[in-house]
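The values are calculated or read from the model by the stated rules, or taken from the named source; none is laboratory data. Source: prediction; values computed, not measured. Every residue, glycine among them, receives a Cβ derived from its backbone with ideal geometry; neighbour counts consider all protein chains shown.
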Amino acid sequence: MKALFLAGGYGTRLRPFTFSKPKPLIDFANEPIILHQIKALHAVGVRTIVLAVNYQPSEMRKFAQEVKKELDIEIIFSFETEPLGTGGPLKLAEEHLKGDEPFFVLNSDVICDFPFAEMLEFHKKNKSEGTILATKVENPSRYGVIVHQENGKIERFVEKPQEFVGDRINAGIYILNPSVLDIIPLKWTSLEREIFPKLAKEEKIYCYHLNGFWMDVGKPGDFILGSTLYLKFISSQIKESKKVKIHGGVLIQGEDIQGTVLVPKQGREAVKIGENCRIGPNVIIGKNVRIGNGCRLKNCTIMDNVVIGQSSYIDNSIIGWGSHIGSWTRIQSHCFLGEDVTVRDECNVNGLTVCPHKGVNQNILETTIIL
Amino acid sequence: MKALFLAGGYGTRLRPFTFTKPKPLIDFANEPIILHQIKALHAVGVRTIVLAVNYQPSEMRKFAKEVKKELDIEIKFSLETEPLGTGGPLKLAEEYLKGNEPFFVLNSDVICDFPFADMLEYHKKNKSEGTILATKVEDPSRYGVIVHQENGKIERFVEKPQEFVGDRINAGIYILNPSVLDTIPLRWTSLEREIFPKLAKEEKIYCYHLNGFWMDVGKPGDFILGSTLYLKFISSQIKESKKVKIHGGVLIEGEDIQGAVLVPKEGRKGVQIGENCRIGPNVVIGKNVRIGNGCRLKNCTIMDGVVIGQSSYIENSIIGWGSHIGSWTRIQSHCFLGEDVTVRDECNINSLTVCPHKGVNQNIMKETIML
């Protein structure tokens with residue numbers, strides 16, 4: 001089976017991190033976003049992945065070679081030279097997708113407990129042309145809602161409904177039959193607004209309910225939220241003695257650990273945590289990280305090679321690769337520090353975004369961008 | 001003869017443009033900043049240039065190959081692995097600089113009418129160890145002032161003098177004898193604060209007065225100022241029938257042209273300007289630029305591939321490569337638009353910095369950064 005990733009765009013919404021790496025390669029829970037998706041697809045037999053992109057950084061080419069070696073998956077790059085929306089890229093990649101099996105389509109920012117095996121079975125059982133993964137949301141009026149029958153057959157889609165018509169929305173993952181490619185023109189096309197409604201009219205498309213966490217992690221704030229949902233998920237799986245594969249490392253415990261804290265696979269040995277710290281809940285720590293004495297970290301991601309001084313407080317923030325955080329710093333409320341950022345001792349920062357290779361030398365309490 | 005360029009750093013001060021290209025390769029008056037300097041050095045016989053950097057993007061390697069081909073100049077990269085200040089890099093590159101001739105040292109952001117031949121003659125005449133290019137400024141109290149005798153021999157340096165001691169400051173270009181390398185340790189060292197004051201005590205260093213424009217174009221606001229000074233300079237040279245080499249193109253004239261306007265070397269043919277425009281003064285236009293009817297442009301740089309609609313007003317701003325500016329837009333007061341930025345019709349923006357691949361869809365009147 002094959003899969004196509006809608007991975008076009010420059011990842012601008014995930015700046016400042018995408019100034020350092022292409023978005024698919026940014027670590028989510030200590031593993032590249034795209035690898036979470038690729039490994040889940042590998043588990044259901046996918047061996048060919050088409051990346052629909054509009055440019056190809058050399059890091060992606062290198063990554064494709066590694067994936068070939070380690071997972072025996074072929075990654076094919078399909079380049080759009082003009083914007084093709086969400087539908088056009090499928091038509092562009094037609095030669096790679098045609099065949100007698102359905103194929104997966106993934107939006108590149110989606111994280112969940114990918115139910116690919118069950119979704120495939122559901123798709124085959126219905127003998128439909130398409131299956132859309134649908135997730136439940138609390139406030140459907142902000143999204144495109146899927147109106148469907150009890151068996152999942154989709155009747156129609158309603159954009160931002162004013163009155164309640166349902167609480168399931170498009171989760172950004174599809175299974176499509178190759179025949180769907182015949183109805184997609186090779187130009188800017190929207191799957192969600194043109195192709196799927198057409199299939200719904202012909203009663204040829206179903207939705208599969210996703211039970212469990214779901215997040216689009218394409219913006220830093222949602223990245224943090226998604227990390228928390230993911231950590232809560234693996235933590236509960238472990239508690240209920242259910243099988244769960246944690247690709248990005250292991251959860252650690254201890255007097256200084258509160259709730260779920262993920263570190264690289266070597267466990268405690270892999271990260272230097274000082275004395276009298278309180279780490280967690282919902283903290284992700286990358287490789288070669290050093291945390292000084294008396295630090296308090298919660299709801300945050302600390303990327304590879306970060307060094308943190310003593311008695312610092314970090315909450316609801318992302319600290320980028322190789323950054324140096326001083327002592328007695330306070331970093332909170334959606335600070336997003338890019339690669340190689342320095343925060344001087346005693347600085348108190350709030351809602352601050354810092355681009356790579358910059359320094360913070362003073363308190364900044366209002367939402368600010370340091371370019 | 002040889003030259004060393006202090007080109008370390010990530011060019012962060014010239015963002016958003018340095019998100020797209022390394023700073024030395026950003027076009028100033030239609031030619032890479034570094035090429036202005038290299039061509040002036042070539043004219044006095046320099047055939048070896050050492051670039052002191054802390055990282056080496058592939059574009060710089062490619063550029064070095066082109067320079068070798070077209071100018072027969074060898075560019076060597078001297079990579080510092082730890083910060084070495086302004087002096088350490090010279091020691092690091094010692095093997096390339098030693099010999100029986102003095103060598104030039106340039107700060108990579110400096111633009112002026114490089115007086116290399118006269119400066120070299122002056123250096124040899126004085127038989128000194130070093131010669132510093134000195135430029136006159138209006139407000140010396142903000143800089144490091146050079147206190148010197150009438151013949152140029154430097155007595156001392158005074159940082160940000162409260163009372164008037166002189167109005168000549170270090171212009172960031174030096175000629176040094178190889179023996180100076182013996183006084184520089186291989187660690188973080190400041191030429192300006194450690195090495196030069198030592199030479200001044202020993203009465204071995206002189207300053208050469210630069211008469212004419214000078215600018216450090218390492219920040220976008222100064223880049224615009226420097227472009228204006230440069231255009232005024234070449235314009236006056238032409239008026240006074242003096243010889244002047246304009247590497248970046250030609251000045252054009254016409255009913256729709258006011259003051260100095262620089263376009264690529266094909267002249268009018270090189271740029272599409274609509275009817276009823278008023279372009280200038282102090283406008284630099286790159287390759288393949290299209291300007292619609294009735295536009296007003298002043299004190300701005302329009303980079304390669306930009307398309308501008310009709311009746312738009314652009315002033316004191318820099319529009320990055322491939323950007324699309326709509327019609328009836330007003331772009332003023334230090335707007336710095338990176339590569340591939342779109343400004344929708346009718347938008348009025350003030351002091352707006354936009355990172356590459358983003359769009360502006362509304363009025364933004366306060367100083368803002370769009371990441």
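Of the residues examined, B:Arg61 is not one that is over 25 Å from B:Arg156 (Cβ atoms), surrounded by fewer than 21 Cβ atoms within 10 Å (Cβ to Cβ) and at pLDDT 95 or above.
Would you point out the residue of region B:25-45, among those that are buried (at least 19 other Cβ atoms within 10 Å of the Cβ) and among the β-branched types (Val, Ile, Thr), that is farthest from B:Pro220 (Cα to Cα)? The extreme case among them is B:Ile38.
Being over 24 Å from A:Asp216 (Cβ atoms) and in a loop (DSSP other than H, G, I, E, B), is that true of even one residue in region A:227-239? Checked region A:227-239: no residue is over 24 Å from A:Asp216 (Cβ atoms) and in a loop (DSSP other than H, G, I, E, B). The sole residue among B:Phe196, B:Phe116, B:Phe157, B:Phe223 that is outside the structural domain of B:Thr18 (by TED's automatic domain parsing), under 25 Å from B:Pro89 (Cβ atoms) and either touching a residue at least 40 places away in the same chain (Cβ under 8 Å) or of a type in the set (Phe, Trp, Tyr) (or both) is B:Phe223. Taking region A:329-338 as the range and being within 14 Å of another protein chain (Cβ to nearest Cβ) and either part of a loop (DSSP other than H, G, I, E, B) or over 13 Å from A:Val307 (Cβ atoms) (or both) as the test, the residues that pass are A:His334, A:Cys335, A:Phe336, A:Gly338. Here B:Arg168 meets the list (1) crowded, with 17+ Cβ neighbours inside 10 Å; (2) within 26 Å of B:Glu101 (Cα to Cα) almost entirely, failing just condition (2).
Return a yes/no flag: does region B:208-218 have any residue that is of a type in the set (Asp, Glu) and either without any contact (Cβ under 8 Å) to a residue 24 or more places away in the chain or assigned to a helix (DSSP H, G or I) (or both).
no
May I ask you to verify whether A:Leu186 is part of a loop (DSSP other than H, G, I, E, B), more than 16 Å from A:Met119 (Cβ to Cβ) and over 25 Å from the mean Cα position of the chain (by Cα)?
So A:Leu186 fits the description; yes.
Has region B:66-75 got any residue that is within 14 Å of chain A (Cβ to nearest Cβ), in contact (Cβ under 8 Å) with a residue 12 or more places away in the chain, over 29 Å from B:Ile302 (Cα atoms) and surrounded by fewer than 18 Cβ atoms within 10 Å (Cβ to Cβ)? No, region B:66-75 contains no residue that is within 14 Å of chain A (Cβ to nearest Cβ), in contact (Cβ under 8 Å) with a residue 12 or more places away in the chain, over 29 Å from B:Ile302 (Cα atoms) and surrounded by fewer than 18 Cβ atoms within 10 Å (Cβ to Cβ).
Any idea which of A:Ser235, A:Ser241 is at positive phi, polar (S, T, N, Q) and without any contact (Cβ under 8 Å) to a residue 60 or more places away in the chain?
Result: A:Ser241 is the single residue among A:Ser235, A:Ser241 that is at positive phi, polar (S, T, N, Q) and without any contact (Cβ under 8 Å) to a residue 60 or more places away in the chain.
Regarding A:Asp27, is this residue within 25 Å of A:Asp340 (Cβ to Cβ), away from chain B (no Cβ under 14 Å) and charged (D, E, K, R)? Considered against the rule, which asks whether it is within 25 Å of A:Asp340 (Cβ to Cβ), away from chain B (no Cβ under 14 Å) and charged (D, E, K, R), A:Asp27 comes out as yes.
Could you go through region B:339-349 and let me know if any residue there is within 26 Å of the chain's Cα centre (by Cα), farther than 26 Å from A:Asn54 by Cα and within 14 Å of chain A (Cβ to nearest Cβ). No, because not a single residue in region B:339-349 is within 26 Å of the chain's Cα centre (by Cα), farther than 26 Å from A:Asn54 by Cα and within 14 Å of chain A (Cβ to nearest Cβ). Among the residues making up region A:137-156, none is closer than 26 Å to A:Leu231 by Cα and at pLDDT 95 or above. Got a sec? Which of A:Glu163, A:Glu155, A:Glu159, A:Glu150 is acidic (Asp, Glu) and either surrounded by 17 or more Cβ atoms within 10 Å (Cβ to Cβ) or in contact with a His (Cβ under 9 Å, 6 or more places away or on another chain) (or both)? Matching residue, one of A:Glu163, A:Glu155, A:Glu159, A:Glu150: A:Glu155. Evaluating A:Leu352 against the criteria (1) over 26 Å from A:Lys245 (Cα atoms); (2) surrounded by 17 or more Cβ atoms within 10 Å (Cβ to Cβ); (3) in contact with a Gly (Cβ under 6 Å, 6 or more places away or on another chain) leaves one unmet condition, (3). Screening A:His334 with (1) at negative phi; (2) within 21 Å of the chain's Cα centre (by Cα) gives one miss only, at (1).
Anything in region A:254-264 that is loosely packed, with under 13 Cβ neighbours inside 10 Å and at negative phi? List them, or say none.
A:Glu255
Selection over region A:353-370 of residues that are part of a strand (DSSP E or B), in contact with a Lys or Arg (Cβ under 7 Å, 6 or more places away or on another chain) and more than 11 Å from every other protein chain (Cβ to nearest Cβ) gives a count of 1.
When region A:8-24 is filtered for residues that are within 14 Å of chain B (Cβ to nearest Cβ), farther than 15 Å from A:Pro220 by Cβ and in contact (Cβ under 8 Å) with a residue 60 or more places away in the chain, only A:Gly8 remains. Total residues in region B:312-341 satisfying the condition of being surrounded by fewer than 21 Cβ atoms within 10 Å (Cβ to Cβ) and either modelled with pLDDT under 95 or farther than 14 Å from B:Pro16 by Cβ (or both): the figure is 10.
Screening B:Asn288 on (1) without any contact (Cβ under 8 Å) to a residue 40 or more places away in the chain; (2) closer than 18 Å to B:Gly226 by Cα; (3) in contact with a Gly (Cβ under 7 Å, 6 or more places away or on another chain); (4) not hydroxyl-bearing (Ser, Thr, Tyr) shows it passes everything except condition (2). Determine, yes or no, whether B:Lys65 is out of contact with any Leu (no Cβ under 9 Å at 6 or more places or on another chain) and of a type in the set (D, E, K, R). Taking the combined requirement at face value, the residue satisfies it. For B:Phe5, the requirement of being under 21 Å from the mean Cα position of the chain (by Cα), surrounded by 21 or more Cβ atoms within 10 Å (Cβ to Cβ) and either within 14 Å of chain A (Cβ to nearest Cβ) or at positive phi (or both) is not met. Going through (1) under 23 Å from B:Tyr122 (Cα atoms); (2) modelled with pLDDT under 95 one by one, B:Lys160 falls short only on (1). The strands (runs of 3 or more DSSP E) located wholly in region B:124-181 that include 2 or more residues which are within 21 Å of the chain's Cα centre (by Cα) occupy B:130-136, B:168-176. Inside region A:296-305, can you point out the residues that are of a type outside the set (S, T, N, Q) and surrounded by fewer than 24 Cβ atoms within 10 Å (Cβ to Cβ)? Passing the criteria: A:Arg296, A:Lys298, A:Cys300, A:Asp304.
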